[in-house]
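One structure below.
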Amino acid sequence: MPFIPGREAVGVVTAVGPGLTGLKVGDVVAYAGNPMGSYIEMQILPASVAVPVPPSMDPVVVASVMLKGLTAQFLLRRCFKVQSGQTILVHAAAGGVGSLLCQWANALGATVVGTVSTEAKAVQAKEDGCHHVIIYTQKDFVTAINKITSGKGVDVVYDSVGKDTFQGSLSCLKTRGYMVMFGQSSGMPDPIPLSALAPKSLFLTRPSLFQYTETRDELLEAAGELFANVASGVLRVRVNHKYPLSQAAKAHADLENRKTTGSVVLIPDNVKQ
């Protein structure tokens, strides 16, 4: 402290460094991840992280989906490549990344099972392509998965919850299943011995987006696939709240007080909408 928060944005290029090719003044570009500091009217970016935004795409939608969408892309398409006919479990299915995972996996032909905490979130998860929704506050998700899969288990678990779901997630996997833990909203899981994975020859990984977009080619390929799926309607992005950048503190207060749903976008005060 003090620092400028924010890790994703869309903007118009106003200047470029000497000798730069591939980007020019006037281009609309987006970025997600590093550097931090997108709560600002003008930002200096390394050209390597700036992704050209197709003219047909709404910059507000792109701003809202970059980080979550690139995360969903690498989880489904690279970390564990979901195939038609597989069964997957998505925790926090109504959350930002969870919603995109469910929509995208459904389009890929997978059977999607999602966990949520409330009836309202269950409705959204169904809208987003979940074939089965488990309200984990009402029933044990491990028992429910066992019933849904007739005791076989799921091919992969996408778990952003961590401590509260980790052991149960491992129990839900089929033989040679993949445990993909990409977050820990409830805290870090308790340590387990490697031998705990042996009975079903399970795979366990703790991936991060930044290791899957290390090269420019990887970043552009991932963003291109994300943009194509948004443009085609495979992915529906809910931008339910827009705030002037000057009201960023109010936006955070509303988030903390659970007054928001879907994506929240901050727009500089001098930008016409």
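The values are calculated or read from the model by the stated rules, or taken from the named source; none is laboratory data. All values derive from a computational prediction rather than experimental measurement. Neighbour counts are summed over all protein chains in view; Cβ atoms, including those assigned to glycine, are modelled from backbone coordinates with ideal geometry. Only protein heavy atoms, including side chains, enter the accessible area calculation; ligands, DNA and RNA are left aside. Shrake-Rupley method; radii C 1.70, N 1.55, O 1.52, S 1.80 Å.
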Does ARG258 qualify as being touching a residue at least 40 places away in the same chain (Cβ under 8 Å), open to solvent by 50 Å² or more (accessible area, probe 1.4 Å) and outside any helix (DSSP H, G or I)? no
Looking only at region 227-237, decide whether some residue is more than 23 Å from PHE3 (Cβ to Cβ), touching a residue at least 24 places away in the same chain (Cβ under 8 Å) and touching a strand residue (DSSP E or B) at 6+ places or on another chain (Cβ under 7 Å). yes
In region 154-173, which residues are touching a residue at least 40 places away in the same chain (Cβ under 8 Å) and touching a Lys or Arg at 6+ places or on another chain (Cβ under 8 Å)? VAL154, ASP155
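Here is a yes/no grid of residues against (1) under 22 Å from VAL112 (Cβ atoms); (2) out of contact with any strand residue (DSSP E or B) (no Cβ under 7 Å at 6 or more places or on another chain); (3) touching a residue at least 60 places away in the same chain (Cβ under 8 Å):
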| residue | (1), (2), (3) |
| --- | --- |
| GLY26 | no, no, no |
| ALA30 | no, no, yes |
| GLY33 | no, yes, yes |
| MET36 | no, yes, no |
| GLU41 | no, yes, yes |
| VAL49 | no, no, yes |
| SER56 | no, yes, yes |
| VAL61 | no, no, yes |
| VAL97 | yes, yes, yes |
Of (1) exposed (fewer than 15 other Cβ atoms within 10 Å of the Cβ); (2) within 22 Å of the chain's Cα centre (by Cα), SER263 fails just (1)
Residue, nearest to GLN86 (Cα to Cα), within region 152-172, restricted to residues that are at pLDDT 95 or above and open to solvent by 50 Å² or more (accessible area, probe 1.4 Å): LYS152
When region 247-273 is checked residue by residue, the ones that are small (Gly, Ala, Ser) and either closer than 20 Å to LYS68 by Cα or in contact with a Leu (Cβ under 9 Å, 6 or more places away or on another chain) (or both) are ALA248, ALA251, GLY262, SER263
With the structure loaded, tell me whether ALA228 is out of contact with any Cys (no Cβ under 8 Å at 6 or more places or on another chain), more than 25 Å from ASP164 (Cβ to Cβ) and open to solvent by 40 Å² or more (accessible area, probe 1.4 Å) or whether it fails that test. yes
Going by the structure shown, is PHE210 open to solvent by less than 40 Å² (accessible area, probe 1.4 Å), over 22 Å from GLN124 (Cβ atoms) and in a helix (DSSP H, G or I)? no
Return the residues of region 183-207 that are at pLDDT 95 or above, of a type in the set (Gly, Ala, Ser) and surrounded by 12 or more Cβ atoms within 10 Å (Cβ to Cβ); say none if nothing qualifies. ALA196
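Matching residues to (1) assigned to a loop (DSSP other than H, G, I, E, B); (2) surrounded by 11 or more Cβ atoms within 10 Å (Cβ to Cβ); (3) hydroxyl-bearing (Ser, Thr, Tyr):
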{"site": "PRO18", "(1), (2), (3)": "yes, no, no"}
{"site": "GLY26", "(1), (2), (3)": "yes, no, no"}
{"site": "VAL29", "(1), (2), (3)": "no, yes, no"}
{"site": "MET36", "(1), (2), (3)": "yes, yes, no"}
{"site": "TYR39", "(1), (2), (3)": "yes, yes, yes"}
{"site": "VAL62", "(1), (2), (3)": "no, yes, no"}
{"site": "VAL65", "(1), (2), (3)": "no, yes, no"}
Some residue of region 117-139 being over 24 Å from GLY168 (Cα atoms) and touching a residue at least 60 places away in the same chain (Cβ under 8 Å): no
Which members of region 70-118 meet the condition of being assigned to a strand (DSSP E or B) and open to solvent by less than 10 Å² (accessible area, probe 1.4 Å)? ILE88, LEU89, VAL90, VAL112, VAL113, GLY114, THR115, VAL116
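Filter region 100-116 down to the residues that are in contact with a strand residue (DSSP E or B) (Cβ under 7 Å, 6 or more places away or on another chain) and either more than 24 Å from VAL61 (Cα to Cα) or without any contact (Cβ under 8 Å) to a residue 24 or more places away in the chain (or both) and list them by number.
The initial filter retains those residues of region 100-116 that are in contact with a strand residue (DSSP E or B) (Cβ under 7 Å, 6 or more places away or on another chain), namely 101-102, 105-106, 110-116.
The answer is ALA110, THR111, VAL112, VAL113, GLY114, THR115, VAL116.
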Answer from SER185, SER232 - the residue that is under 21 Å from VAL90 (Cα atoms) and small (Gly, Ala, Ser): SER185
